[in-house]
Amino acid sequence: MPTDGGTGAEVKEILVRFQGEGEGSEELTWGQVAFWHCMRDTGQSATMGGVAAMPPGTTVEKMADMLAYLLGRHQSLRTRLWFGPNDRIRQVCSASGTAALLVAEAGEADPAEFAEQICQHYAEQNFDYTDEWPVRMAVITKHGVVTHMVVMYLHLALDAGGLAAMLTDMFARDPVTGAPPGPLTAIAPMEQARRQRQPAARRQSAAALKHLEQVMRTVTPGWFGSPRLPGPPTFRMIRFRSPALALAIERIVAEHEVNSSAALLAMFAVGLARHTGDNPIVAMLMVSNRFRPGFAESVSCLVQISPYLIDVAGISLGEAVTRAGSSLLHTYKNAYYDPVEQELLIDRVSRELGYDFDFCCLYNDRRKDAQPTEPRLPASDEQILAAVPHSSWAWEQQADMSTRKLFVNVDDPAGAIELVMSVDGRYFDVDDMHLLFHAVEAAAVAAALDPTESTRVPLR
C-alpha cells in the first residue's frame, strides 16, 4: 500500500455491513473452474478493475452505501472458496457480513496518481480466496473531499459482461430511496453449478469436447517452432494502436455483411499465417456464454475458451472473411463445457498423438462490437492508406500477464483498434511482435481495398 512519503497521505479502513438473499455451498461453475485453473497455473489472482474520478458531492458515506448494496444484491460478490481434501473446491455464499472500505487521504500528493498506486497494489496482491470477499474498494480524498474510487474484482466473481450487468443494475437503483430496480432474474452462480449437473448441460459439454478433439487431430504439432532462446520463459507485452485497422475492418464489415469480430479474426489468421508459416490457424478464443438463456444479465463469470480453426491457404482475402464467420459460429457453439473433463481429454488425446498438445495462442476480443447509431459511409481507399503511417505502439505491464506463447487482446479506443500482444520471449522477439502486428494490419488494408487479392498463404 502507498506510504505518505512526506506528502501527508493517510490510509484507514471502515467496516461496511451488508445483507442479501441467498446463501449456501456449491461446486464451482464451469466459468469459475476455468479461471481457477488459470490462477493455479500462474500463481497470480486474475482480476479486473481500475480507477474512476468521482463527481462533485460524492461522500464516503455514499460510497460505503454503494459497497453494501453491491455485496447484498449480488451473490457472487459475497462468495468465497472452500478447499477440502483431494483438491476439492467449493464456492460458499454468505447471506451477511462486513467488508472493508479503504479511505485514503492523498494529502499533498496528486489524488489521481495516488489512486493509481493503490490500484496497482490491489492488482499485484493476490486475493485471500477463503477469507476475503472478491471485491476491493478504496475511496480517495483530497483534503477530505472525495475525488476518486479504486475498485478491483476477482475474476472468480465476475467477468466483463458480469461487470456491465452489475453496473446497469446499480445505475437503475432508485436515486432517492436506494431501492433496487426489481428482482434479479438471471441465473446466479450457485444455480449455474446445480444446472451443470443436469443432462442438457452434460450433453452440451460432451459436444463441445468432441469438437475440441476434432481440432486437436486436425492441427499438426510444432506451432511457432522450437524455442530460439534457452532457459525459462520470459514474457513481455506491447500495445499496438492502428487507425488504419479500424477503418479497414469497418469497410470489410460493410461489404461482406459479417460482424467485426469475424472480420478481424480473419485478418489476424492471415497475418499470423504469413508471419509464422503455420496453417491452418488455431487459436483458443475467450468466449462469453451470455448468449445462452438466463445468462445475459448474470453477475458471474461466464467466459470459457474454445478452439477457433481456419484454413487461409490458397484463397482470397474475401473468402478468408467468409470462412472466419463460419468458424466463429462453431467456436461460440462449443464454448460451454466442463473444464475438468477438458483437461482429461487433452491429456488422453496428447498421449494418443504422441506429443503434448499446446494451445499456445490465446485471443480475446474485448470490444463490445457495437454498430454505429447512424449509418455512415465506409472510409475510401485514400483515407485507409493515409491512416497507415499513424500506427503506434507502447510497452505494457500487468500483474496477471498471460503465460501463453502468444496472447492477443483486442480493444477499441476512439478512432482505432488496439492489439495488445503478450508473448513468450523464447519464441517471439520484439521484431517479431512488430512484424506480426503489421502483417495483420496489411492484410486488413488489402482486404478492404481489394477482397479478391490472395491471402498469400501457400497450399501444402
Fill in: Candidate set: the range 237-276, residues that are of a type in the set (G, A, S), in a helix (DSSP H, G or I) and in contact with a Phe, Trp or Tyr (Cβ under 9 Å, 6 or more places away or on another chain); chosen: the one nearest to E319 (Cα to Cα)
A269
Discussion item. Looking at the structure I just gave you, is A123 part of a loop (DSSP other than H, G, I, E, B) and among the aliphatic types (A, V, I, L, M)?
Written reply: no
Response to the item:
Being touching a strand residue (DSSP E or B) at 6+ places or on another chain (Cβ under 9 Å), surrounded by 17 or more Cβ atoms within 10 Å (Cβ to Cβ), assigned to a loop (DSSP other than H, G, I, E, B) and not basic (K, R) narrows V139, V150, V215, V219 down to just V219
Item to complete: Among the residues of the range 155-198, count how many are in a helix (DSSP H, G or I) and over 30 Å from E124 (Cα atoms).
Response: 4
Worksheet item: Could you say which residue among T98, T130, T79 is over 28 Å from the mean Cα position of the chain (by Cα), under 19 Å from M152 (Cα atoms) and not hydrophobic (A, V, I, L, M, F, W, C)?
Response: T98
Worksheet item: Only one of these conditions is not met by N86: (1) at pLDDT 95 or above; (2) out of contact with any Ser or Thr (no Cβ under 7 Å at 6 or more places or on another chain); (3) among the polar types (S, T, N, Q). Which number is it?
Response: (1)
Worksheet item: Could you say which residue among S306, S300 is crowded, with 20+ Cβ neighbours inside 10 Å, hydroxyl-bearing (S, T, Y), under 15 Å from L265 (Cα atoms) and at pLDDT 95 or above?
Response: S306
Practice prompt. Please enumerate the residues belonging to the range 51-91 that are among the small types (G, A, S), farther than 24 Å from M190 by Cα and loosely packed, with under 14 Cβ neighbours inside 10 Å.
Written response: A52, A53, G57
Worksheet item: V282 is checked against (1) part of a loop (DSSP other than H, G, I, E, B); (2) at pLDDT below 95 and fails just one. What number does that condition carry?
Response: (1)
Response to the item:
Log entry, pairs with first residue in the range 168-183 being over 11 Å from Y69 (Cβ atoms), second being loosely packed, with under 10 Cβ neighbours inside 10 Å, beta carbons closer than 8 Å, six or more apart or on different chains, reads P181/D174
Response to the item:
So, first residue at positive phi in the range 285-299, second residue among the small types (G, A, S) and assigned to a loop (DSSP other than H, G, I, E, B), Cβ within less than 9 Å, six or more apart or across chains; the pairs are G294/A186
Worksheet item: Quick check, is V270 within 17 Å of S327 (Cα to Cα) and surrounded by fewer than 23 Cβ atoms within 10 Å (Cβ to Cβ)?
Response: no
Discussion item. All but one of (1) part of a loop (DSSP other than H, G, I, E, B); (2) in contact with a helix residue (DSSP H, G or I) (Cβ under 9 Å, 6 or more places away or on another chain); (3) buried (at least 17 other Cβ atoms within 10 Å of the Cβ) hold for V423; state the number of the condition that does not hold.
Written reply: (1)
Worksheet item: Hey, among the residues in the range 330-367 that are without any contact (Cβ under 8 Å) to a residue 24 or more places away in the chain and not in a helix (DSSP H, G or I), which one's least open to solvent (accessible area, probe 1.4 Å)?
Response: G354
Worksheet item: Which condition number in (1) of a type outside the set (V, I, T); (2) farther than 17 Å from N279 by Cβ; (3) under 24 Å from the mean Cα position of the chain (by Cα) is the one that L436 fails?
Response: (2)
Worksheet item: If you go through the range 116-130 one residue at a time, do you hit one that is among the hydroxyl-bearing types (S, T, Y) and open to solvent by 30 Å² or more (accessible area, probe 1.4 Å)?
Response: yes
Response to the item:
Here the qualifying pairs (Cβ atoms under 8 Å; residues six or more apart or on different chains; first in the range 190-210 and open to solvent by 80 Å² or more (accessible area, probe 1.4 Å); second among the β-branched types (V, I, T)) come out as R195/I187
Worksheet item: Can we say E319 is open to solvent by 20 Å² or more (accessible area, probe 1.4 Å), modelled with pLDDT of 95 or more and over 21 Å from V287 (Cβ atoms)?
Response: yes
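The values are calculated or read from the model by the stated rules, or taken from the named source; none is laboratory data. Being a predicted model, the structure only gives us computed values, none of them experimental. Quick reminder, even Gly has a Cβ in these numbers, built from the backbone with ideal geometry, and neighbours come from all protein chains shown. Areas reflect the complete protein model, heavy atoms only, side chains present, ligands, DNA and RNA absent. Shrake-Rupley method; radii C 1.70, N 1.55, O 1.52, S 1.80 Å.
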